Every structure is written in structure tokens, then in C-alpha cells.
Amino acid sequence: MGKRKRSVSPILPASSRQVGFVTMGTSAGGKKIKEIGVGMLGYAFMGKAHSNAYRKIQYMTWPPPLMPRLVAICGRDEVAVAEAARRYGYESYTTDWKRLVRDDRIQLFDNGAPNNLHAAPTIAAAEAGKHVICEKPLGRDAKESYDIWQRVEKTGVKHMCAFNYRFVPAVRLAREMLEAGELGEIYHFRSSYLQEWIVDPQFPMVWRFDRKVAGSGALGDLGAHVIDLARYLVGDIAAVSGATRTFIKKRPGGTVDVDDAFESIVEFAGGAVGTIEASRFALGRKNGLTFEINGSKGSIGFDLERLNELQVHLPGSRPGADAQGFRTVLVSEADHPFWKWWWPHGHMIGWEHTMVHELHHFIESIAKNKRIGPHGATFEDGYRTAEVCDAILRSAKSGRREAVQSLTGKPKAARKRVTAGSR
Ligand SMILES: NC(=O)c1ccc[n+]([C@@H]2O[C@H](COP(=O)([O-])OP(=O)(O)OC[C@H]3O[C@@H](n4cnc5c(N)ncnc54)[C@H](O)[C@@H]3O)[C@@H](O)[C@H]2O)c1
């Protein structure tokens, strides 16, 4: 998506805006559109969400950069994966991911498998010349993430780590405001990602509670999303202090050996300080990813459960000198990020649409040979996030503040802070 020119005027006359009521269905096309064959590993949560997005890309973003052709989907349970293929619209299915890797009809390999199955299939697919998108966390720790990044980078294919919250319109708008310097110097990034789904001690063991499969718990699952957003919005993290807890260790079916929750203080290379926490034990919180950023000129706040809104406070803004404070910006105008593809303003979109934006970005980067960054997360970004996760685990163990360590020395694209065009 091209860079928008940000308006200096806070209010545009309605007549000058393409509000969507009269523009639906006007997209032009006509040219022949090349196909790209998709091979999807995993048919459950992410398999379903990504497949839904591939189908919506051509429906909503006409003409798409390439036409996703759903070639094959893979899962362990043959009956279930066969049904998933029928339901989502794949031409074939398999229970062996190596068959996706060998399949010449596939040019895009999408890994939505559990974390222990990120490395081998993703690397094999890239080495077979397929572009690869892999769910987060990239690997189970920094070392594994580094290996995935390095081995895939060598093949020359496009690679993207599926940090889909970069593709929320309000988050992209926040990034645009930060790049434009509208918040001034950044002092704080305060954030949490809270869910409630495992408070019940009778909730059974699943792969997410097993370190061999998942790598870590709330940290790699939820924290990784927020760490990636922190890096995307504010810049690289230099040091952390962390604490982790496993509240319920024995569950029906096994022993939990990952964190149920973590808390951390983070120090950014650019001087800002902040907090990042995540938990699956926060009763009442369903998918509560929130952040607030405070700078010398203003503050913004975001809540994923209200993802079409951005809270903005710019001191001294007019009118309303006596009514200062956060105001709610409804991020749904036709000229807001990604909104050209959707509905008239105020006709809201949701979580699933972040995947449409993300996969459109990936396909467009392939079609036009464009960079995945700075707006898409590359495998380097997946690895950099894993470095921060590892540092939080080290700090929780040592009880000390820990520097974020890099296997490469300095990050290739180290950013003290986000500036226009960074990465
Ligand atoms: N970006 C996000 O918002 C988000 C949300 C949830 C999960 N995730 C990530 O997506 C990945 C998958 O999570 P999920 O929630 O979809 O998991 P899931 O348990 O719902 O689905 C896992 C899928 O992998 C398949 N699978 C497992 N082992 C296999 C094997 N050996 N061979 C073939 N297929 C196999 C299963 O059949 C299933 O279809 C994880 O890395 C997770 O961290 C990302």
C-alpha cells in the first residue's frame, strides 16, 4: 500500500472524501491476472484464518496483485483435513507436509503449524524455491529463529513472519503518526496482551503448554506480538527485566513447563522505557492487546478489542481548549490505511481482515518484487523478537536486568527509533 500524504487539516469537507457510499464496486480490472499456487500447512485456527484471507483478497482488493489458487492443504488427521480442503476450497489435501514442498503447482508456502513445525517445513519449502510465510513466533527460541532466517534468506525467496497486528488500520495509522513526528520524542510504550482461556485448572494439556513444542508460553504466543509492535512503532529494544509465572503446573493430560504469564520492563535503544506483559489468566479479557505511547507532543492508545479506534491526545488541539484529553478517532475513512478495499466509513472491519491485509502485502511483494519491510515483518523481525523473548526468560531466571543479545552483532537495520522510511 502506498504512502498516504497526511493531511494537516483536521477536518476535510465531506464532499472532498471518497466516503464509499457511492464507490462500491467501481474497481477497475480487465487485464489477465497471474495465479500463485498456495500450499497451506495446518487447517485449524491459522489454517482457517489464512485460507479465509486468500479467498477474500481477490474478492475485496480487485484486481489482486496475483490470484491466490488454493492448491493443497496439510494436516495430521486425514478425515479432518479432507473436510477442510472441501470447506476452504483447496484442490487437494495431504497428511505429509513434504508433499507440499515437492508440489510444483505451489509457489507460496504458508506455515500455520505449531511452533515445533516452523523450522523444517519452512526451510525445506524455501530451499525448493517457494516464497514462505510462517506464523509467529518464528522459532521456539532465538537460536532456532536465527537458523530459519539465515537459511531462508540464503535462498533468495520472499519471507514474512505473520505478525498480523501490524496490519490493523489503526496500528498503521499510529506508525504513520510516529514516522511523521506527530508525537515528538517518545518516552513510553506501555502494553499488555491479556486472555482468560486457561484459568480453569481442568482445562487440559494442549501443545501450547509444552515447551518442546511451543518453546515458551504466553511469552512466545502473545508477548511476541506485542514485542513486534513495540519494535515496529518505537524501535529496537536494548535491555529488559522480566518475571514469569506458571500458575497451574499439572493439567489433565500432562505437566505445563512454559510460562502462563510474564511481566517485563523494557528499555528501548532510542531512550524510551516501557512495560510489556501477557497472560492467559486475566479473567474478563478475551483478546485484550492494548498499548499506549506517550511522547513529548502527544499520546496515542489502542485496544485490539476495539480495533477500529485509535485514542489520540494532542495537547492544545483546537477547538476545545477547555476539553482536552484523549479523543476517539474512528479509523475507517476511505483514505485511512487499507480502507480503500472495504466499506463506507463506519461500516466496521475486524480481526480476520488483518490477515487479508497481511497476505495481500505478501503477494504484492512477490508480484512486484518489493521489500517485505518496513511494514511487513521479515524473518529478521521474527528473529529480533525472539532475541527479546529470550532476554526476558534469562532475566526471569537470573533476577537481573539483561541486555538483548544478538547472534549477528548489531541488528542489520538497527533503529534507535522509528523514522520515515526506516527498514
Ligand atoms: N497471528 C496470530 O494471530 C496467531 C493466532 C493463533 C496462532 N498463531 C500461530 O499459528 C501457529 C498455529 O497455531 P494454531 O492456533 O493454528 O494451532 P492449531 O492447533 O489450531 O492448528 C495446528 C494445525 O497444525 C497441524 N499439524 C500439527 N502437527 C502436524 C504435523 N506433524 N503434520 C501436519 N500438520 C500438523 C494440525 O493438524 C492443525 O491443523 C502457531 O505457531 C501459533 O503461534 C498465530
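The values are calculated or read from the model by the stated rules, or taken from the named source; none is laboratory data. Computed from a predicted structure; not experimentally measured. Please note: Cβ atoms are built from the backbone with ideal geometry, for glycine as well, and neighbour counts cover all protein chains shown.
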#### Entry: Flag if Lys297 is surrounded by fewer than 24 Cβ atoms within 10 Å (Cβ to Cβ) and more than 29 Å from Val329 (Cα to Cα)
no
### Task
Would you please name the residue that is farthest from the ligand (Cβ to nearest atom), looking only at residues in region 29-56 that are among the hydrophobic types (A, V, I, L, M, F, W, C) and touching a strand residue (DSSP E or B) at 6+ places or on another chain (Cβ under 6 Å)?
Ile33
## Note on the structure
Apart from one, (1) within 16 Å of the ligand (Cβ to nearest atom); (2) of a type in the set (Ser, Thr, Tyr); (3) surrounded by fewer than 18 Cβ atoms within 10 Å (Cβ to Cβ) all hold for Tyr193; the odd one out is (3)
#### Entry: Every residue from region 60-101 that is assigned to a helix (DSSP H, G or I) and closer than 20 Å to Ser365 by Cβ
Met60
### Query
Just checking, how many residues over region 367-398 are touching a strand residue (DSSP E or B) at 6+ places or on another chain (Cβ under 6 Å) and surrounded by fewer than 19 Cβ atoms within 10 Å (Cβ to Cβ)?
1
### Query
Do we have Ala80 as under 13 Å from Met40 (Cβ atoms) and of a type in the set (A, V, I, L, M, F, W, C) here?
no
### Task
Would you point out the residue of region 302-360, among those that are basic (Lys, Arg) and farther than 30 Å from Gly284 by Cβ, that is farthest from the ligand (Cβ to nearest atom)?
Arg318
### Query
Given the structure, is Phe247 outside any helix (DSSP H, G or I), farther than 18 Å from Asp141 by Cα and at pLDDT 95 or above?
yes
#### Entry: Thr244 in contact with a His (Cβ under 9 Å, 6 or more places away or on another chain) and touching a residue at least 24 places away in the same chain (Cβ under 8 Å)
no
#### Entry: Qualifying positions in region 57-80 - touching a helix residue (DSSP H, G or I) at 6+ places or on another chain (Cβ under 9 Å) and more than 29 Å from Lys368 (Cα to Cα)
Gly75
### Task
Go through (1) within 25 Å of Gly20 (Cβ to Cβ); (2) surrounded by 19 or more Cβ atoms within 10 Å (Cβ to Cβ) one by one and return the number of the condition Asp335 breaks.
(2)
### Query
Do we have any residue at all in region 358-379 that's of a type in the set (Val, Ile, Thr), modelled with pLDDT of 95 or more and under 14 Å from the mean Cα position of the chain (by Cα)?
yes
### Task
Return yes when Ala238 is within 19 Å of Asp141 (Cβ to Cβ), small (Gly, Ala, Ser) and in contact (Cβ under 8 Å) with a residue 40 or more places away in the chain and no when it is not.
no
### Query
Are any residues in region 60-113 within 9 Å of the ligand (Cβ to nearest atom) and in contact (Cβ under 8 Å) with a residue 24 or more places away in the chain, and if so, which ones?
Ile73, Cys74, Gly75, Ala80, Val81, Ala84, Trp97, Asn111, Gly112, Ala113
### Residue that is nearest to the ligand (Cβ to nearest atom), among those in region 140-183 that are closer than 18 Å to Thr385 by Cα and polar (S, T, N, Q)
Asn164
### Query
Does Asp259 qualify as being within 16 Å of the ligand (Cβ to nearest atom), acidic (Asp, Glu) and part of a helix (DSSP H, G or I)?
no
### Message
Just to be sure I understand the filter: pairs with C-beta atoms under 8 Å, separated by 6 or more residues or on different chains, first member in region 314-342 and of a type in the set (Ser, Thr, Tyr), second member assigned to a loop (DSSP other than H, G, I, E, B) and at pLDDT below 95. Which pairs pass?
### Response
Ser317/Pro10; Ser317/Gln324
